[in-house]
Amino acid sequence: MDKKIRVLVAKPGLDGHDRGAKVVAAALRDAGMEVIYTGLHQSPESIVEAAIQEDVDVIGLSILSGAHMTIFPKVLSLLKKKNAQKIIVIGGGIIPADDMKKLKKKGVKKLFGPGAPTTEIITWLKENVKPGKKKRAQTRKKNNKGL
Amino acid sequence: MSREIWEKKLKNCKERDFKFKTVSGISVKPLYTPDDCEFFDYERDLGYPGEFPFTRGVYTNMYRGRLWTMRQFSGFATPKDTNRRYKYLLKHGQTGLSVAFDFPTLYGRDSDDPFSRGEVGKCGVAVDTLRDMEIIFDGIPLDRISTSMTINPPAAILLAMYIAVGEKQGVPAHILTGTIQNDMLKEYQAQKTWIYPPEPSMRIITDILEYCSENVPKWNTISISGYHIREAGSTALQELAFTLANGFTYVEYGIKRGLEVDKFAPRLSFFFNSHLDFFEEIAKYRAARRIWARMMRDKYNAQNPRSFLMRFHTQTAGCTLTAQQPENNIVRTAFQALAAVLGGTQSLHTNSMDETYALPTEKAVKIALRTQQLIAYETGVPNTIDPLGGSYYIETLTNELEKGAYEYFKKIEKFGGVLPAIEKGFFQQEISRSAYKYQRALEKKERFQVGINIFEEDKPADIEILKIPPEVERNQIKKLKEVKSERNNRKVKETLRLLLKAARDGDNLMPRILDCVRVYATIGEICNTLKEEFGEYQEPIIF
């Protein structure tokens with residue numbers, strides 16, 4: 001059976017702009033991935049914890065508040081601390097090009113800017129993520145009512 | 001030539017391969033004629049500007065008397081930086097202020113709160129105590145300038161701070177003019193900035209209505225906002241319907257409190273988006289005015305004609321700006337601004353071309369302001385009132401949007417009103433679905449955006465970007481510590497205790513909040529005190 005890519009779409013910090021996160025979550029789901037959306041106002045700690053617990057392959061962070069230089073590095077270091085670097089971190093939002101370069105150096109695998117089509121995100125994920133062996137065969141949806 | 005002959009000829013014409021529909025999904029015909037406006041009654045449906053049902057505008061002579069207020073939403077970094085930007089904007093002909101707060105302030109959290117890390121001064125200016133507001137408005141006379149503050153859960157606190165700054169400048173509260181957004185319903189639906197659950201939020205809002213109608217009579221107490229509903233992905237029709245439904249809900253809560261509708265309704269104002277579909281946007285504003293006037297008169301029994309007036313601010317659509325070829329945003333924004341003016345807006349914010357990257361630079365924001373000045377002084381558009389009134393297309397669209405809005409009101413009523421519909425996730429789901437549909441339409445090329453899915457270029461944008469240096473956060477925290485060490489902490493404790501008591505006893509909170517801010521209690525201390533009584537909101541998760 002085909003293994004599905006599992007993605008945690010997360011909204012860290014105080015930023016309430018969730019249009020992009022939700023559109024991406026819906027598009028990844030429709031592309032056959034397993035998507036867990038955290039909802040708003042998550043701390044880096046709770047995001048990393050959810051990612052490990054949900055056994056995801058990818059964390060997608062959406063930040064439009066300008067706090068990206070604080071939050072991305074924090075999530076990466078927490079993953080390292082928990083020995084979970086195999087989880088890929090990607091993201092999107094309002095992130096200037098200079099900051100994108102710096103974040104990629106720090107270990108963020110891919111950043112999508114405004115206007116990126118969802119198909120580009122889907123293609124990138126399919127090409128770059130190998131779904132790992134899941135601890136649980138059954139998908140457990142947390143806080144996730146879907147449409 | 002008769003209509004039949006033209007229609008025959010038309011059938012033989014080849015049409016572009018394109019679905020001719022508005023953003024809200026209304027089918028657009030090739031031509032509109034008097035036949036489309038068969039049921040159109042001039043006196044009943046349009047009337048005269050400043051007269052019922054206000055379709056053509058809320059004032060008798062509209063822009064021939066006074067142009068709209070050019071009000072650029074702005075605020076960043078420290079209070080000192082923001083004060084400097086305001087003086088710059090006023091010097092270049094801006095006629096009103098509009099304060100953007102940073103995320104911690106919007107959520108009622110202090111700059112040293114762990115949740116504020118990385119966010120201080122980023123999306124707007126940081127305000128912890130009255131001291132910050134004193135600096136923001138330093139040298140700006142509050143008796144001569146009107147100020148709009150985009151603030152929601154802690155709206156009462158920022159209004160209290162503004163009143164206190166006025167006191168220090170010798171300007172009494174009854175002279176102050178301005179607006180607080182204070183629209184929590186759209187927060188739960190779209191913008192997602194909340195602290196307390198909906199019911200206590202509605203109580204605070206009603207407290208503000210009551211307090212201001214007595215003490216700050218020229219203040220716009222709620223700016224009922226469709227802007228964020230639209231930015232979150234809704235269509236024009238949903239923006240129109242949800243915003244009005246929210247407006248009626250505030251009216252109902254005011255009436256339930258025992259307030260006279262004509263005492264508080266004239267101070268309600270509105271805030272709309274101006275998006276890409278030029279004519280649909282214009283029709284939206286006209287339909288909004290007409291629905292509001294009719295409902296206020298016929299359903300809520302308002303008598304004072306000022307209660308019928310839908311006065312509104314407009315901001316061009318941030319969500320339509322593109323990071324690709326950012327200079328195009330200047331033109332995009334100009335069209336949207338023109339739609340707002342043709343729709344009869346009372347004030348206007350034009351977005352800057354660089355806002356998909358960061359807060360705007362001074363240069364970008366000046367071009368945005370100049371865009372409004374071009375419309376005002378060069379185009380001749382403000383010379384006559386509602387120049388598109390009577391256009392068969394505009395009138396048809398206005399009617400269709402109006403009809404669609406009433407259909408949504410019925411749906412909302414079936415849930416038992418706006419609050420139960422929020423609990424059920426109705427608005428949230430409607431909005432996310434539209435957002436997803438819009439994105440898919442772009443990706444399937446059923447809808448176009450230059451630089452995004454047509455006429456794309458690979459070249460990266462080459463524009464200057466405003467950076468907020470990291471020391472802003474450190475300095476703001478340091479300043480907060482100073483204020484805390486200088487203030488009378490015994491008094492702070494006492495005013496907070498009385499605030500909690502008022503919350504428990506059901507007394508109006510405004511006088512107590514004023515006491516708190518006057519002794520430099522922080523925004524976080526005040527909100528945390530109220531959280532003890534009101535609790536915190538948890539959203540239903542839907543995508």
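The values are calculated or read from the model by the stated rules, or taken from the named source; none is laboratory data. Model, not experiment: these values are computed from the prediction. Neighbour counts are summed over all protein chains in view; Cβ atoms, including those assigned to glycine, are modelled from backbone coordinates with ideal geometry.
Can you tell me which of B:Asn61, B:Asn83 is closer than 30 Å to B:Ser116 by Cα and among the polar types (S, T, N, Q)?
Details: B:Asn61 fails: closer than 30 Å to B:Ser116 by Cα.
The unique qualifying residue is B:Asn83.
Which one is nearest to B:Cys319 (Cα to Cα), of the residues in the range B:426-448 that are more than 8 Å from chain A (Cβ to nearest Cβ) and polar (S, T, N, Q)?
Once the filter is applied, the top-ranked residue is B:Ser434.
Applying the selection to the range B:438-451, what residues are assigned to a helix (DSSP H, G or I) and either surrounded by fewer than 16 Cβ atoms within 10 Å (Cβ to Cβ) or in contact with a Pro (Cβ under 6 Å, 6 or more places away or on another chain) (or both)? It would help to see each step written out before you state the result.
Of the residues in the range B:438-451, the ones assigned to a helix (DSSP H, G or I) are B:438-443.
B:Glu443, the sole residue that qualifies.
State which residue pairs qualify: first residue at positive phi and inside the range B:221-240, second residue among the β-branched types (Val, Ile, Thr) in any location, beta carbons under 6 Å apart, and separation of 6 or more residues or different chains.
Here the result reads B:Gly233/B:Ile431, each pair linking the range B:221-240 to a residue that is among the β-branched types (Val, Ile, Thr).
Within the range A:88-113, track down each residue that is among the aliphatic types (A, V, I, L, M) and more than 11 Å from chain B (Cβ to nearest Cβ). Working first, answer last.
So in the range A:88-113, the residues among the aliphatic types (A, V, I, L, M) come out as A:88-90, A:94-95, A:97, A:100, A:103, A:108, A:111.
Passing the criteria: A:Ile88, A:Val89, A:Ile90, A:Leu103, A:Val108, A:Leu111.
Looking only at residues in the range B:519-543 that are in a loop (DSSP other than H, G, I, E, B) and among the polar types (S, T, N, Q), which one is surrounded by the fewest Cβ atoms within 10 Å (Cβ to Cβ)?
Pass one, the range B:519-543, residues in a loop (DSSP other than H, G, I, E, B): B:519-522, B:535-543.
If we keep only those that are among the polar types (S, T, N, Q) too, we end up with B:522, B:538.
On the way: B:Thr522: 28, B:Gln538: 11.
My answer is B:Gln538.
Please specify each residue of the range B:221-240 satisfying the condition of being part of a helix (DSSP H, G or I) and farther than 12 Å from B:Ile431 by Cα. So that I can check it myself, show each step before the final result.
Let us first name the residues in the range B:221-240 that are part of a helix (DSSP H, G or I), namely B:227-231, B:236-240.
Across the range B:221-240, the qualifying residues are B:Tyr227, B:Leu240.
Within the range A:79-97, which residues are at pLDDT 95 or above, among the aliphatic types (A, V, I, L, M) and more than 15 Å from A:Ala10 (Cα to Cα)?
The answer is A:Ala84, and nothing else.
Can you name every residue in the range B:104-123 that is more than 7 Å from chain A (Cβ to nearest Cβ) and surrounded by fewer than 24 Cβ atoms within 10 Å (Cβ to Cβ)?
Within the range B:104-123, the first condition is being more than 7 Å from chain A (Cβ to nearest Cβ), and the residues that meet it are B:105-106, B:108-114, B:116, B:120-121.
B:Asp112, B:Asp113, B:Pro114, listed by residue number.
For the range A:1-13, name all the residues that are within 13 Å of A:Leu61 (Cα to Cα) and either modelled with pLDDT under 95 or within 11 Å of chain B (Cβ to nearest Cβ) (or both). Let's see the steps before the verdict.
Restricting attention to the range A:1-13, the residues satisfying the condition of being within 13 Å of A:Leu61 (Cα to Cα) are A:7-13.
The answer is A:Val9, A:Lys11, A:Pro12, A:Gly13.
Residues A:Val23, A:Val48, A:Val75: which one is away from chain B (no Cβ under 13 Å), assigned to a helix (DSSP H, G or I) and in contact with a helix residue (DSSP H, G or I) (Cβ under 6 Å, 6 or more places away or on another chain)? Give the steps one after another, and end with the answer.
Numbers: A:Val23 fails: away from chain B (no Cβ under 13 Å); A:Val75 fails: away from chain B (no Cβ under 13 Å).
Of the residues listed, the single one that is away from chain B (no Cβ under 13 Å), assigned to a helix (DSSP H, G or I) and in contact with a helix residue (DSSP H, G or I) (Cβ under 6 Å, 6 or more places away or on another chain) is A:Val48.
When you look at B:Asp143, is it more than 14 Å from chain A (Cβ to nearest Cβ), in contact with a Pro (Cβ under 7 Å, 6 or more places away or on another chain) and either outside any loop (DSSP other than H, G, I, E, B) or of a type outside the set (A, V, I, L, M, F, W, C) (or both), yes or no?
Values: more than 14 Å from chain A (Cβ to nearest Cβ): yes; in contact with a Pro (Cβ under 7 Å, 6 or more places away or on another chain): no; either outside any loop (DSSP other than H, G, I, E, B) or of a type outside the set (A, V, I, L, M, F, W, C) (or both): yes.
Criteria not met by B:Asp143.
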